[in-house]
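The values are calculated or read from the model by the stated rules, or taken from the named source; none is laboratory data. All values derive from a computational prediction rather than experimental measurement. Here the Cβ positions follow ideal geometry from the backbone for every residue, glycine too, while neighbour counts run over all protein chains shown. Accessible surface areas use protein heavy atoms only, side chains included; no ligands, DNA or RNA. Shrake-Rupley method; radii C 1.70, N 1.55, O 1.52, S 1.80 Å.
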Amino acid sequence: MKKILSFVVILSFLFLPLYSHYQAASVNKVEGVFTTTTVKQVQITATSLSFRTGASTNHRIIKTYSKGTVLDVIGKIGTWYVVKNSKDTVGCVDSRYVKAYTAPTSSSDSFNSMQTEMLGYINADRTANGLSPLTLDKALCNGAYLKSKDMADNNYFSHTSPTYGSPFEMMQSLGISYSAAGENIALNTSVKGAYDAFMNSSGHRANILSASFGKVGLGFYQEGSYLYVTQWFTN
């Protein structure tokens, strides 16, 4: 079984004024008795969850987040976490609908060797085509690993995850910002086999050789003899 899929988006700079709206929200004042916690990040487990100005449902909703969103924890007020989103806005979420989150690491020798092998193929072809090499990005690698694992765990092969939504929703939920982004996914038996399949497909090849991208995340998940491969690209 060998499968590949490619997905790419370039966000228009016409959308940039929206960011100033969310940045203005960072002045919100969180109310209540603050305590510290050893939890550093939480991930939302509910389908959707309100991000509020204080530790109760009586407080104003700043924003509603979807399942899978990761937020940085500052402390606690009662049973609520005081959290900070990717735009440094501070608010509270109910601890009943989140779980402690630890980003996956790529410390194993086999994982690192697969990243090194894949990055070598990518940058060799980019150099041959007069393009700058891509830089391996830790946050993108962590997200790409989560996507590969999610496909294996939930037995699907698609750009749209039942857990995280589209690749771009998933990137945003993990605090990854971009104005251009793309995803390649493959199910193959080796790193080289997956790469060759990508390069023999016009859509995947376009992502790998895009001048719009400067960073890449490479995520691998082995299940039996099959290797789930995810490539995340951003500018």
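What to note about this one:
- Expected-Rg normalisation [2.2 N^0.38 Å, Cα atoms] applied to the stretch 143-235: 1.02
- Computed packing ranks the peptides 175-185, 125-135 as 175-185, 125-135, most packed first, by mean other Cβ atoms within 10 Å.
- Rounded percent of accessible protein surface that carbon and sulfur make up, the stretch 172-235, 1.4 Å probe: 46 percent
- The residues of the stretch 168-235 expose on average 32 square angstrom of accessible surface per residue, using a 1.4 Å probe on protein heavy atoms.
- All distinct Cα pairs of the stretch 111-161 go into the 1/r average, and the inverse of that average, the Kirkwood radius, is 12.6 Å.
- In this Cβ point-charge picture (+1 for Lys and Arg, -1 for Asp and Glu), the stretch 78-184 has a dipole of about 300 debye about its Cα centre.
- Inter-label distance for Lys99 and Lys40, nm, one decimal - labels placed 7 Å from Cα along Cα-to-Cβ: 1.9 nm
- For the stretch 43-134, the alpha-carbon coordinates run over 59, 29, 23 Å along the three principal axes, in decreasing order.
- For the stretch 35-129, a crude dipole built from +1 on the beta carbon of Lys and Arg and -1 on the beta carbon of Asp and Glu, taken about the Cα centre, is about 600 debye to the nearest 20.
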